[in-house]
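**Student:** Have a look at this one before I ask anything.
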Amino acid sequence: MHQTHSDVVLVVDGSENEPTCDALVTQSKGVGVAAMAADCMPVTFSADGVVGIAHVGRVGLVKGIAQKTVEVMFGLGAEKITATIGPSICGRCYEVSPEMYSEVIALIPATATSAVLHTLDLQAGVTAQLSALGVEIRNVGICTRENPEYFSYRGGDVIERQAGIISL
């Protein structure tokens, strides 16, 4: 997908060519959906008969892209959804301006870490959002900035990405 830090979720069957959105959902067997990320979270979603992927960064978290992905999956008949948070920047490493920190924690209190360092825990934020919808959460617990085996936009790497991918 062509990711734009939006709240757009599309249902696909494999015939689409790089749709503009930040989440994909499919019920088509053999169709893989993928999200590219360096510090943002690639979040995969699985349920009986439907899977999805979301590219969740700060902007997408605030816009509710992960929640909207779950809502689309529920609309397609999913009942029990499991989400897996892939490698992404952790709450110790994602420093933002004091103003941005205040804005985000006011909307999503679970992202709060340190008012002194102004670091946001996006993984905790998406966990809180999805848990409120009854989604089971798994987190691989890998920080892209701390682990040299992964690409990090904030870590000064050459601009590269890893991919989260899921299929039925």
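The values are calculated or read from the model by the stated rules, or taken from the named source; none is laboratory data. Since the structure is predicted, the reported quantities are computational estimates derived from the model, not experimental observations. Because the Cβ atoms are built from the backbone with ideal geometry, glycine has one as well, and the counts that use them run over all protein chains shown.
**Student:** Any idea which of ALA83, ALA66 is assigned to a strand (DSSP E or B) and either in contact with a helix residue (DSSP H, G or I) (Cβ under 8 Å, 6 or more places away or on another chain) or loosely packed, with under 14 Cβ neighbours inside 10 Å (or both)?
**Tutor:** Being assigned to a strand (DSSP E or B) and either in contact with a helix residue (DSSP H, G or I) (Cβ under 8 Å, 6 or more places away or on another chain) or loosely packed, with under 14 Cβ neighbours inside 10 Å (or both) holds for just one of ALA83, ALA66, which is ALA83.
**Student:** Output the number of residues of the range 1-55 satisfying the condition of being touching a Gly at 6+ places or on another chain (Cβ under 6 Å), over 14 Å from MET73 (Cα atoms) and hydrophobic (A, V, I, L, M, F, W, C).
**Tutor:** 3
**Student:** Out of LYS63, LYS29, report the one residue that is in contact (Cβ under 8 Å) with a residue 12 or more places away in the chain, farther than 28 Å from VAL104 by Cβ and among the charged types (D, E, K, R).
**Tutor:** On the way: LYS63 fails: farther than 28 Å from VAL104 by Cβ.
Exactly one of LYS63, LYS29 is in contact (Cβ under 8 Å) with a residue 12 or more places away in the chain, farther than 28 Å from VAL104 by Cβ and among the charged types (D, E, K, R), namely LYS29.
**Student:** To continue, here is another question. Run ALA110 past the list (1) in a strand (DSSP E or B); (2) under 17 Å from the mean Cα position of the chain (by Cα); (3) more than 23 Å from GLN3 (Cα to Cα) and report the number of the one that doesn't hold.
**Tutor:** Single failed check for ALA110: (1).
**Student:** Another one. Filter the range 128-138 for residues that are within 26 Å of VAL12 (Cβ to Cβ) and free of Cβ contacts under 8 Å to residues at least 60 places away in the same chain and give the result.
**Tutor:** Quick first cut of the range 128-138, residues within 26 Å of VAL12 (Cβ to Cβ) only: 129-130, 133-138.
Those that are within 26 Å of VAL12 (Cβ to Cβ) and free of Cβ contacts under 8 Å to residues at least 60 places away in the same chain: GLY134, GLU136, ILE137, ARG138.
**Student:** Tally up the residues in the range 1-26 that are in contact (Cβ under 8 Å) with a residue 60 or more places away in the chain and buried (at least 21 other Cβ atoms within 10 Å of the Cβ), please. Give the steps one after another, and end with the answer.
**Tutor:** Within the range 1-26, the subset in contact (Cβ under 8 Å) with a residue 60 or more places away in the chain is 7, 9, 11, 26.
Among the residues that remain, those that are also buried (at least 21 other Cβ atoms within 10 Å of the Cβ) are: 9, 26.
Residues in the range 1-26 being in contact (Cβ under 8 Å) with a residue 60 or more places away in the chain and buried (at least 21 other Cβ atoms within 10 Å of the Cβ): 2 in total.
**Student:** Within the set of pairs 6 or more residues apart or between chains, which connect a residue that is surrounded by fewer than 15 Cβ atoms within 10 Å (Cβ to Cβ) inside the range 153-165 to a residue that is part of a loop (DSSP other than H, G, I, E, B) and modelled with pLDDT of 75 or more with Cβ atoms less than 6 Å apart?
**Tutor:** ARG154/ASP39; ARG154/ARG145; GLU160/PHE151
**Student:** Looking for something in a loop (DSSP other than H, G, I, E, B) and β-branched (Val, Ile, Thr) - is there at least one such residue anywhere in the range 117-131?
**Tutor:** For the range 117-131, residues in a loop (DSSP other than H, G, I, E, B) and β-branched (Val, Ile, Thr): absent.
**Student:** Between GLY125, GLY141, which is over 12 Å from ALA83 (Cα atoms), touching a residue at least 24 places away in the same chain (Cβ under 8 Å) and of a type outside the set (A, V, I, L, M, F, W, C)? Working first, answer last.
**Tutor:** On the way: GLY141 fails: touching a residue at least 24 places away in the same chain (Cβ under 8 Å).
Answer to the selection: GLY125.
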